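Every number here is computed from the coordinates shown, using simple stated rules; none is lab data. These figures come from a predicted structure and were not determined experimentally. A quick note on method: Cβ atoms are made from the backbone with ideal geometry, for glycine too, and the neighbour counts reach across all protein chains shown.
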Amino acid sequence: MTARRGPPGSGDGRSTSGGGRRQRNVRHQIAEQAGGCADAERVSEPVGVVPANGSDRRQRASGGAQAARQSGQAQAARGPSRADGERGTGRADAAASAEADPEAVARQICLRLLTAAPRTRAQLAAALRRRGVPEDAAATVLARFAEVKLIDDEVFARAWVESRHYGRGLASRALGAELRQRGVASNEVDAALGQLSPEQELATARELVARRLPATEGMPPLARMRRLAGVLARKGYSAGLAYRVVREALEQESASGPVPFHDDELFL
């Protein structure tokens with residue numbers, strides 16, 4: 001008996017569709033099995049094994065350090081580079097130039113110092129000695145500078161006295177000590193200090209005391225006397241002049257008459 005076939009595509013279509021689903025299921029199972037094997041391989045790795053990426057980083061770092069050491073050794077074997085040689089040559093040329101023309105070096109040193117501030121001849125000579133300039137070259141340069149009036153101790157001393165007396169209130173004794181410390185000759189010091197008369201020093205001392213007097217209000221008279229006399233003493237004024245100026249200022253300020261203490265108490 002011959003079996004009947006359905007309409008074209010009815011039974012065959014179902015068969016074909018079922019076959020396609022079966023094929024997809026098989027492929028899905030194969031993929032799951034493959035993934036499970038990979039997971040199993042990862043899980044089965046022994047504990048404590050460092051991942052490959054960390055090992056690779058350490059190996060690359062180690063290789064870079066080794067390459068740097070090899071490069072440094074090769075550089076040392078080849079000797080100094082061209083740039084190093086040029087720098088060394090420049091320093092050698094500068095040193096050779098200084099040795100060949102010490103007067104040029106001395107001129108440069110003096111001009112640089114004089115540009116910063118006025119200097120005495122003794123100050124410049126000391127600076128040249130510290131720099132190792134030969135004495136004959138230093139003497140030649142200093143003589144030339146004095147000839148063209150780039151250094152003039154007399155002018156320096158006069159300007160110093162005027163600036164420090166009227167600006168800081170220093171007396172002749174303090175000004176003379178400062179000038180001698182800077183190498184100015186005694187005759188030039190005396191000539192510069194001749195600008196200050198005794199009357200001018202007395203007027204300056206009175207101005208100093210008048211400015212400091214209000215700050216001592218409320219103190220005992222003897223303490224005020226010592227405080228103000230100490231100000232003048234640090235400026236180089238004599239003890240006798242300081243005592244006279246301070247006593248006059250206190251008596252003028254006091255409405256009750258003379259200051260009530262003995263002269264000897266000031267120096268106790």
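What ranking do Asp152, Asp136 get, fewest neighbouring Cβ atoms within 10 angstrom at the top?
On the way: Asp152 17, Asp136 10.
Ranked by crowding around the Cβ, least crowded first: Asp136, Asp152.
Grab the alpha carbons of region 100-151, take their convex hull, and tell me the volume per residue in Å³.
On the way: hull volume 3.4 nm³, N = 52.
Per-residue hull volume (Cα only) is 66 Å³.
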